[in-house]
Every structure is written in structure tokens, then in C-alpha cells.
1. Within the stretch 1-19, whose backbone N sits under 17 Å from a point 7 Å along Cα→Cβ of Ala130?
2. Could I have the simple spin-label model distance between Met1 and Phe53, label points 7 Å from Cα toward Cβ, reported in nm to one decimal?
3. How far is it, in nm, from the label point at Leu39 to the one at Cys94 when both lie 7 Å from their Cα along the line to the Cβ?
4. Is the shape of the stretch 13-71 rounded, prolate or oblate, going by the alpha carbon gyration tensor and its root eigenvalues a ≥ b ≥ c, with a/c under 1.5 for rounded and a/b larger than b/c for prolate?
5. Once phi is turned into ³J(HN,Hα) by the Karplus curve 6.51 cos²θ - 1.76 cosθ + 1.60 with θ = phi - 60°, what whole-Hz value does each residue of the stretch 60-73 show in order, with x for glycine and proline?
6. Could you give me the ³J(HN,Hα) list for the stretch 118-128, computed from phi with Karplus coefficients 6.51, -1.76, 1.60 and θ = phi - 60°, whole Hz, x at Gly and Pro?
7. Name the trypsin sites (Lys or Arg not before Pro) in the stretch 1-37 that are in a loop by DSSP and that have at most 13 other C-beta atoms within 10 Å, would you?
8. Residues of the stretch 28-56 with backbone nitrogen within less than 15 Å of a virtual label 7 Å along the Cα-to-Cβ line of Ile65, please, listed as ranges.
Amino acid sequence: MSIRVNITGLTIDPATNSPIIILKEKEGNKSLPIWIGLLEATAIASELEQVKFSRPMTHDLLRNIIETFGGSIEMVEICDLRDNTFFAIIYASCNSKKFQIDARPSDAIALALRAKAPIFIHERVFEKSANIDMKGQEVVKTNDAKKWTEVLENLRPEDFGKYKM
């Protein structure tokens, strides 16, 4: 079963200077941080901030191509977490045919934002991520992991600073 989520923050990991996107279930308290690349963070941040460029960026181009051929993005799903890597699927349709396209979560999210498509996380991803510490090592629920979970579950949008582009 998948759970619908919203983007509640885009911030920087102070230890690694890597961008982190925070996804939180729409009707609940579960949160999921995903470390992403700088270019993908910029693509997501520009859409969240409604920054318009004079020429289409990569995710805009992809959406335009799909729509030009009569297709649409139905939804995206963060579907798995294996070996400390998140996996996503883009669900699309075109001419009454349904497609599932493998993608990185950051690209899937950037495309979903542009297509106004919902974002989901499969519940197994929440389960698997609960057993991973900040170094990406699987652990049995430690006190540090419990503290991190508490911090994420209690985050509010105003707790995040703006992502600097």
C-alpha cells in the first residue's frame, strides 16, 4: 500500500552539505528524508518557488514531450529502498496505455511537481528507512535513530530555511 505525501522541506545536511528533501505523509506524521543531488534540488526548488526560465529545463522538456504526444503523468511513487538507495516509479499514460517508468526519486518528484501529479511512498519504504542510521548503515532501533525520527515527525514547514540557489 502506498501513502500520499507532500514536500514539507528542502534543506541542506550541515554535515555533508548535501541537499535533503523532506516528504511527509499527507494525513499522518511519518516523514522521510531523501538526500539528493544539487542539480535535482535546484530543479525541485525552482518549481516549488515557481521560478520560470526563458527556456525549458530538463524536467520541463520531459513533461512537454509527454504532453505533446498526448500522454500524462498520473503519479510518482517512491517504491523501494535497497542498499541505501531509494527507487521510484513514474506512472504515466498515453493513448489508453499505462506505463511504469523507473526513475530516481529526485527526478520523479521534479517531474511530478511540473505535471501537478501526486507523490506517494510505499509503506515498505517507511519501514526500511526506520532501520537506517545517518551513515546509511542498517541498525536495530537505537536511541539516536529514535531521536532522529522524533525530530522529523515534529518538523513544521517554518522550521526549514529557504534553499539557497
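Please treat every number below as a calculation from the coordinates, not as lab data. In this text the structure is predicted, and so the values were computed from the model without any measurement. Counting neighbours? That spans all protein chains shown, and the Cβs are built from the backbone with ideal geometry, glycine included.
1. Backbone N within reach: 1-4.
2. 4.0
3. Taking the simple label geometry, Leu39 and Cys94 are separated by 2.2 nm.
4. In terms of gyration-tensor shape, oblate.
5. With the stated coefficients, the stretch 60-73 comes to 5, 4, 4, 4, 4, 5, 4, 5, 4, 8, x, x, 8, 8 Hz.
6. The phi angles translate into x, 10, 10, 10, 5, 4, 5, 5, 4, 4, 5 Hz.
7. Lys26
8. Counting only backbone N, you get 56.
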